[in-house]
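The values are calculated or read from the model by the stated rules, or taken from the named source; none is laboratory data. What you see is a predicted model, and the numbers here were worked out from it, not measured in a lab. Backbone-built Cβ (ideal geometry, glycine too); neighbour counts: all protein chains shown. Surface accessibility is based on the protein's heavy atoms, side chains included, excluding ligands, DNA and RNA. Shrake-Rupley method; radii C 1.70, N 1.55, O 1.52, S 1.80 Å.
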Amino acid sequence: MYTSGVERPSSYQRRSKMKSFITNTLSDFFFEYETPRQVLVRNKRVGVVCRLIQLGVLAYIIGWVFIYEKGYQSSDTAVGSVLTKMKGVGYTNVTGEERIWDVADFVFPVQGDSSFVVMTNYIMTQGQKIDKCSEPPNSKNRCSSDADCEGRSERHMTGKCLVNTTKMCEVLAWCPVEDDGNIPEYVRSLKMMLTLYSPALLMSAENFTLFIKNTINFPAYGVTRCNLVEGIDNQYIRSCLYDPKTSPLCPIFRLGDLVQLSGFNFAAIAKVGGAIGIIIDWTCNLDHDQSDCKPIYSFHGLYGNPDETDTARASVGYNFRYAKHYMEDKQEKRTLLKVFGIRFDIIVRSVATKFDIIPTLTAIGSGVGIFGVATVVCDLILLYLLPKREFYNNMKFKVTETMEKEPLDEFKSEKEVSKKHSEEVLVHHEAPLSET
């Protein structure tokens, strides 16, 4: 009975101390604030350096981050589509054979894609049928015996040499075989330093017109725009033609103007073909009215530049082949065309920006963090470069002697012990440091 009577007060005291300890800990956590001590240094050189660095950081944040880079905005790229429509009629007269070429004949593909080819020159081989015939005269597979006609051609050889006629190997192919060795080429005059061009068969393509319809959508902002912007109606489209100065928003382009604006010569690129890029640039600031979001067109020659002097470059120009099949006297025949043309690639580049609080706070926070560079630089000057660096070092860093730790009570925190030692230390009031 005596033993149990002694344990009750001890257990009560332990619970009381536990409660007091928890209460003090929570009180210290919620109702106390700690801040680092600062030392005021009156030094003109260090002060000027500090303010110059801070001024530079401030100029960087305002000028570069906010004004130039618009760090207060978020951005979004658009999704969209491009539709094209070509208009024009071409006329050719080759060896007395007159032909009319319309859109279905000279545009590939005809569906109106963002990438298409306009035929400007061609080599036509008519009446081809599967038969045995001689290779074309421009072939390198000349022969003097049947042994020379084994495995030397892209075509299917019969192994027979036509010694008595063409002295070429016989092949099983679509006959007559296409002869593309007479492709017109430009001739450079060394004396006059001029480049002379024989005209392409479809030089009239220079006056063909291209209509471009481009629609984009910025999904993050729910904004949809079309290159047929405000003020462009049916009446305007019937009469306008793109001009970078007078009609920069007209969606109808003359092919000759496109080639000229890309820096190429139409007569030269029409001869063997080439490629031109049409850039539609949508750079929109949606903090302004949506009607200010308008396209800007630019044109770039990709290949086919007549001014290039590297005559050894392989595969100059752009060409491809296609055939029109038909039946004649119950036999399949075809007309083969080797097409030389200008390939147009329409590329849409789009970005929209708008005010957003998240990037704004991020930019401000990073800028405030950069201000710490001034403190680091000035500390390095004070502690390592100035003559009184030892004095500044002693004033900046407070060094205390090692003191023996008191044995902690079971419920007494180290913070309470530290407070007790602090009360025993002489309070030191530091006046601002001045340069003497």
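Counting just the residues of the stretch 19-71 that are at pLDDT 80 or above and assigned to a loop (DSSP other than H, G, I, E, B), which one comes out surrounded by the fewest Cβ atoms within 10 Å (Cβ to Cβ)?
If we take residues in the stretch 19-71 being at pLDDT 80 or above and assigned to a loop (DSSP other than H, G, I, E, B), then LEU40 is surrounded by the fewest Cβ atoms within 10 Å (Cβ to Cβ).
State all residues of the stretch 157-180 that are part of a loop (DSSP other than H, G, I, E, B), of a type in the set (A, V, I, L, M, F, W, C) and either open to solvent by 30 Å² or more (accessible area, probe 1.4 Å) or touching a helix residue (DSSP H, G or I) at 6+ places or on another chain (Cβ under 7 Å) (or both); if no residue qualifies, say none.
Matches in the stretch 157-180: VAL163 only.
Go over the candidates SER198, SER144, SER153 one by one and state the one that is open to solvent by 80 Å² or more (accessible area, probe 1.4 Å) and either in a loop (DSSP other than H, G, I, E, B) or at pLDDT below 90 (or both).
Within the list SER198, SER144, SER153, the selection yields SER144.
Going by what's in this entry, would ASP131 be described as at pLDDT 90 or above, acidic (Asp, Glu), more than 28 Å from the chain's Cα centre (by Cα) and more than 29 Å from ASN217 (Cα to Cα)?
In short, yes.
Just a yes or no: is a residue in the stretch 120-139 without any contact (Cβ under 8 Å) to a residue 12 or more places away in the chain and either open to solvent by 50 Å² or more (accessible area, probe 1.4 Å) or assigned to a strand (DSSP E or B) (or both)?
No; the residues of the stretch 120-139 include none that is without any contact (Cβ under 8 Å) to a residue 12 or more places away in the chain and either open to solvent by 50 Å² or more (accessible area, probe 1.4 Å) or assigned to a strand (DSSP E or B) (or both).
Of (1) modelled with pLDDT of 90 or more; (2) open to solvent by less than 60 Å² (accessible area, probe 1.4 Å), LYS87 satisfies all except one. Which?
In the conditions (1) modelled with pLDDT of 90 or more; (2) open to solvent by less than 60 Å² (accessible area, probe 1.4 Å), LYS87 misses (2) alone.
Out of all the residues in the stretch 72-89, which are more than 17 Å from the chain's Cα centre (by Cα), in a loop (DSSP other than H, G, I, E, B) and among the aliphatic types (A, V, I, L, M)?
Once the filter is applied, which keeps residues that are more than 17 Å from the chain's Cα centre (by Cα), in a loop (DSSP other than H, G, I, E, B) and among the aliphatic types (A, V, I, L, M), the stretch 72-89 yields only VAL89.
Residues that are modelled with pLDDT under 85 and open to solvent by less than 30 Å² (accessible area, probe 1.4 Å), at least 1 per element: which helices (runs of 4 or more DSSP H) completely within the stretch 355-396 meet that?
Of the helices (runs of 4 or more DSSP H) lying wholly inside the stretch 355-396, those with at least 1 residues that are modelled with pLDDT under 85 and open to solvent by less than 30 Å² (accessible area, probe 1.4 Å) span 389-396.
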